[in-house]
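Peer 1: Before I ask anything, here is the structure I am working with.
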Amino acid sequence: MVSIEDAQGIILQYAAPLPVEEVPLLQGLARVLASDIHSPFDIPLTDNSAMDGYAFSFGSLRGDRLAVSGFVAAGHAMRDPVPPGTAVKIMTGACMPPGCDTVVPVEETKPLPGEIRLTAPVRQGSHIRRRGEDVKAGTRVIAGGSVIRPQETAMMASLGMSKAAVFRKPMAAILATGDELLPLGEAPVPGQIVNSNSIAIAAQITEARAKPVDLGIAPDDFEATKNRIRQALSEADLLVTTGGVSVGDKDYVKVAIEELGGRIIFWKVNMKPGKPVAFAVLDGKPVFALPGNPVAAMVGFEMFVRPALLKMAGGSRIMRPVISACLKSPLANKGERPQLVRALVALEDGKQRVAVTANQGSANILSLVQSNGLLKLPAATALAAGDAAEVILLDREYFDERCISPGKTAPSSPQPSP
Ligand code: AMP
Ligand code: MG
C-alpha cells in the first residue's frame with residue numbers, strides 16, 4: 001500500500017501538460033499562460049500629462065502669468081511647438097506638446113481673460129507621465145506558467161493582444177458504477193441511492209478549471225463497465241470512475257481497465273477515508289478509480305485527481321496550501337492508517353484554530369459541507385486541545401470571513417420560508 005505522498009508523486013509523473021492553443025483573451029481567463037509575455041513597446045508610449053491642467057516650458061516662465069495659446073485633449077497630439085512664455089490647456093493622457101516640459105494642475109491656476117495665473121509654486125517637470133516609466137520595451141510583464149487573472153488579461157489587452165496562448169483545458173470523463181444508482185432527480189426506494197458522485201466530481205473538475213464529461217452510470221456488469229471505460233477514453237484526456245474498485249464480488253473496474261490493456265500503477269493508498277483507490281494508465285491517459293462512498297470519492301479526487309488536472313492544464317502551483325492550526329478539542333487516531341479529517345479552520349483571537357466537523361463516516365457528506373479543510377492526523381496519534389495540527393486548506397470561505405471581521409461567527413443557516 002502506498003502513502004498519500006508517494007501516490008501523489010507517482011501520479012504527477014504520468015500527468016503531462018496538454019498542447020497549447022490560442023484563444024480569445026477572455027476565454028484565457030483562469031487558464032495557464034504557455035509562455036512569457038514581453039512588452040513590444042514602452043508604456044506609456046510617449047510623455048503625457050498626468051493631470052488636467054496647463055503645459056508650458058518651465059524655462060520660458062516669467063512671473064506668475066502665462067498666456068493660453070492652445071488646447072490639447074486626450075487622444076490628440078499637438079504638432080507645432082508651443083510659443084515660449086505661453087501655456088497650452090491639456091487634458092489627462094494627452095501627449096506633451098513640443099517644447100513643453102512641465103504641467104501645472106488646473107486646481108493650481110486661476111483663469112483670467114486670455115491667460116492664467118499660477119497660484120502655487122511650480123516644479124520643473126512636474127505632473128508628466130514619462131515614456132516607458134511603467135514598462136520599458138522588451139520587459140517581461142507576465143511569466144509563462146502564470147494562471148491568467150483579470151489583471152493579466154488587462155496587461156495583455158494593453159499590449160494590443162486579442163488572443164492568449166494557453167494550455168488546452170483537460171477534458172475529464174466521469175463514470176459512476178453501481179446497480180443501486182439512480183440518475184439525479186429520481187426518488188430512491190429502499191436499496192437505491194441517488195448518484196451524487198457524478199455531479200460532485202463534475203463540480204470538483206470544474207473547480208479545478210477542467211471540463212467535465214459525464215458518462216452517466218455503468219451497471220455492475222463486466223462488459224458494460226469495459227465498454228463505458230473505452231468510450232470515456234475516446235472522448236477525454238483523463239477518466240475518473242467511482243465505485244466498484246474494492247473487493248466486492250461485483251467490483252469490476254480494475255479488471256476492466258486491465259482487460260482493455262491498461263496498467264494498474266497502484267491500488268490502495270494508506271489513508272482514511274478512500275483507501276481502495278486505484279490509479280491506472282490506459283491509452284497513455286490517467287485513470288482514477290475512486291471508491292463509491294461519496295466522501296471517500298471526493299477526498300480521493302482532492303488528493304489525487306486535482307493535482308493531475310492542474311498539471312495537465314500547465315499549472316505549476318498545484319497543491320493546496322497546508323497551514324498549521326491549534327486543535328479546539330482533543331483528537332485521536334487509534335488506527336494504523338493516517339486520516340484526513342474534515343475540519344473547519346477559522347481565525348479566532350488572532351490564532352488559526354481548527355475543529356472537527358460532523359460524523360466522519362466516509363458516506364457523510366455533511367462533514368464536508370461544514371468543513372473548509374482536511375486535517376492530517378497521523379496513524380496511532382493522540383493530540384490534546386491546543387496542540388498544533390496540519391490542515392490542507394480547501395477553500396477560504398469561512399476562514400476569510402473571520403479574518404475580515406474578528407468576532408463575527410460563521411453564517412447561520414437560512415430560515416425556513418413561511
Ligand atoms: P462501492 O465502492 O461500489 O462498493 O460503493 C460503496 C458505497 O458507496 C455504497 O454504499 C454505494 O451505494 C455508494 N455509492 C457508490 N457509488 C455512488 C454514487 N455514484 N453516488 C453516491 N453513492 C455511491
Ligand atoms: Mg458498487
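Peer 1: Find the residue count for region 223-237, including only residues that are in contact (Cβ under 8 Å) with a residue 24 or more places away in the chain, under 20 Å from residue 195 (Cβ atoms) and either assigned to a strand (DSSP E or B) or open to solvent by 20 Å² or more (accessible area, probe 1.4 Å) (or both). Even if it seems obvious, please write down each step before you answer.
Peer 2: First, the residues of region 223-237 that are in contact (Cβ under 8 Å) with a residue 24 or more places away in the chain: 225-226, 228-230, 232-233, 235-237.
The next check asks that each one be under 20 Å from residue 195 (Cβ atoms); those that pass are 225-226, 228-229, 232, 235-236.
Now narrow it down to the ones that are either assigned to a strand (DSSP E or B) or open to solvent by 20 Å² or more (accessible area, probe 1.4 Å) (or both): 226, 228, 235.
Total meeting the criteria: 3.
Peer 1: So which residues in region 254-285 are within 13 Å of ligand 1 (Cβ to nearest atom) and either in contact with a helix residue (DSSP H, G or I) (Cβ under 6 Å, 6 or more places away or on another chain) or more than 25 Å from residue 180 (Cβ to Cβ) (or both)?
Peer 2: Residues satisfying the conditions are 273, 274, 277, 278.
Peer 1: Of all residues being of a type in the set (Val, Ile, Thr) and touching an Asp or Glu at 6+ places or on another chain (Cβ under 7 Å) in region 165-193, which is farthest from residue 28 (Cα to Cα)? Just the residue, please. Don't jump to the end; show me each part of the working.
Peer 2: The first filter runs over region 165-193 and keeps only residues of a type in the set (Val, Ile, Thr), leaving 166, 174, 177, 189, 193.
Then drop every residue that is not touching an Asp or Glu at 6+ places or on another chain (Cβ under 7 Å), which leaves 166, 174, 177, 193.
Details: 166: 7, 174: 24, 177: 34, 193: 39 Å.
Only one residue fits best here, namely 193.
Peer 1: Answer with yes or no whether residue 158 is touching a residue at least 12 places away in the same chain (Cβ under 8 Å) and exposed (fewer than 15 other Cβ atoms within 10 Å of the Cβ).
Peer 2: Working: touching a residue at least 12 places away in the same chain (Cβ under 8 Å): yes; exposed (fewer than 15 other Cβ atoms within 10 Å of the Cβ): yes.
Considered against the rule, which asks whether it is touching a residue at least 12 places away in the same chain (Cβ under 8 Å) and exposed (fewer than 15 other Cβ atoms within 10 Å of the Cβ), residue 158 comes out as yes.
Peer 1: Would you be able to tell me the number of residues in region 156-193 that are more than 14 Å from ligand 2 (Cβ to nearest atom) and within 23 Å of residue 226 (Cα to Cα)?
Peer 2: So the first thing to find is which residues in region 156-193 are more than 14 Å from ligand 2 (Cβ to nearest atom), and the list is 156-174, 183-190.
From what's left, within 23 Å of residue 226 (Cα to Cα): 170-174, 183.
The qualifying residues number 6.
Peer 1: Related question: Hey, among the residues in region 99-152 that are among the hydrophobic types (A, V, I, L, M, F, W, C) and part of a loop (DSSP other than H, G, I, E, B), which one's surrounded by the most Cβ atoms within 10 Å (Cβ to Cβ)?
Peer 2: 100
Peer 1: Give region 310-340 a look and list any residue that's open to solvent by 20 Å² or more (accessible area, probe 1.4 Å), more than 20 Å from residue 14 (Cβ to Cβ) and aliphatic (A, V, I, L, M), or say none.
Peer 2: 322, 323, 331, 332 - these are the residues of region 310-340 that are open to solvent by 20 Å² or more (accessible area, probe 1.4 Å), more than 20 Å from residue 14 (Cβ to Cβ) and aliphatic (A, V, I, L, M).
Peer 1: Shifting gears a bit: Suppose we keep only residues that are open to solvent by 60 Å² or more (accessible area, probe 1.4 Å) and either of a type in the set (A, V, I, L, M, F, W, C) or within 16 Å of ligand 1 (Cβ to nearest atom) (or both) within region 341-359. Which one would you say is farthest from residue 324 (Cα to Cα)?
Peer 2: 359
Peer 1: A further question on this structure: Limited to region 281-309, what total is found for residues that are over 27 Å from the mean Cα position of the chain (by Cα), surrounded by 20 or more Cβ atoms within 10 Å (Cβ to Cβ) and more than 15 Å from ligand 2 (Cβ to nearest atom)?
Peer 2: 1
Peer 1: Going through region 204-213 one residue at a time, which ones are within 22 Å of residue 369 (Cβ to Cβ) and either in contact with a helix residue (DSSP H, G or I) (Cβ under 9 Å, 6 or more places away or on another chain) or in a loop (DSSP other than H, G, I, E, B) (or both)? It would help to see each step written out before you state the result.
Peer 2: Going residue by residue through region 204-213, those that are within 22 Å of residue 369 (Cβ to Cβ) are 204-208, 212.
Passing the criteria: 204, 205, 207, 208, 212.
Peer 1: Can you report the number of residues in region 78-94 which are closer than 16 Å to residue 48 by Cα and surrounded by 13 or more Cβ atoms within 10 Å (Cβ to Cβ)?
Peer 2: 10
Peer 1: Of the numbered conditions (1) open to solvent by 30 Å² or more (accessible area, probe 1.4 Å); (2) modelled with pLDDT of 95 or more; (3) more than 11 Å from residue 328 (Cβ to Cβ), residue 377 satisfies every one except a single condition; which is it?
Peer 2: Tallying (1) open to solvent by 30 Å² or more (accessible area, probe 1.4 Å); (2) modelled with pLDDT of 95 or more; (3) more than 11 Å from residue 328 (Cβ to Cβ), residue 377 fails exactly one: (1).
Matching residues to (1) part of a strand (DSSP E or B); (2) away from ligand 1 (no atom under 16 Å from the Cβ):
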site: 154; (1), (2): no, yes
site: 157; (1), (2): no, yes
site: 160; (1), (2): no, yes
site: 165; (1), (2): yes, yes
site: 176; (1), (2): yes, no
site: 179; (1), (2): no, no
site: 187; (1), (2): no, no
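Peer 1: Same structure again: So, in region 201-249, of the ones that are within 22 Å of the chain's Cα centre (by Cα) and polar (S, T, N, Q), which residue ends up farthest from ligand 2 (Cβ to nearest atom)?
Peer 2: The residue in question is 206.
Peer 1: Report yes if residue 255 is open to solvent by 60 Å² or more (accessible area, probe 1.4 Å), within 15 Å of ligand 2 (Cβ to nearest atom) and either free of Cβ contacts under 8 Å to residues at least 12 places away in the same chain or part of a loop (DSSP other than H, G, I, E, B) (or both), otherwise no.
Peer 2: Spelling it out, it is not the case that residue 255 is open to solvent by 60 Å² or more (accessible area, probe 1.4 Å), within 15 Å of ligand 2 (Cβ to nearest atom) and either free of Cβ contacts under 8 Å to residues at least 12 places away in the same chain or part of a loop (DSSP other than H, G, I, E, B) (or both).
Peer 1: Another question, if that's okay. Can you find a residue in region 296-318 that is within 16 Å of ligand 1 (Cβ to nearest atom) and not hydrophobic (A, V, I, L, M, F, W, C)?
Peer 2: Checked against the condition, which is being within 16 Å of ligand 1 (Cβ to nearest atom) and not hydrophobic (A, V, I, L, M, F, W, C), region 296-318 yields at least one hit.
Peer 1: Now for a separate question. So which residues in region 339-357 are under 17 Å from residue 302 (Cβ atoms) and either over 28 Å from the mean Cα position of the chain (by Cα) or polar (S, T, N, Q) (or both)?
Peer 2: Selection gives 339, 357.
Peer 1: Mind listing whichever residues of region 15-67 are surrounded by fewer than 18 Cβ atoms within 10 Å (Cβ to Cβ) and part of a strand (DSSP E or B)?
Peer 2: Those that are surrounded by fewer than 18 Cβ atoms within 10 Å (Cβ to Cβ) and part of a strand (DSSP E or B): 20, 21, 22, 23, 24, 38, 65, 67.
The values are calculated or read from the model by the stated rules, or taken from the named source; none is laboratory data. What you see is a predicted model, and the numbers here were worked out from it, not measured in a lab. Backbone-built Cβ (ideal geometry, glycine too); neighbour counts: all protein chains shown. Note: accessible area is taken over every heavy atom of the protein model, side chains too, but ligands, DNA and RNA are not part of it. Shrake-Rupley method; radii C 1.70, N 1.55, O 1.52, S 1.80 Å.
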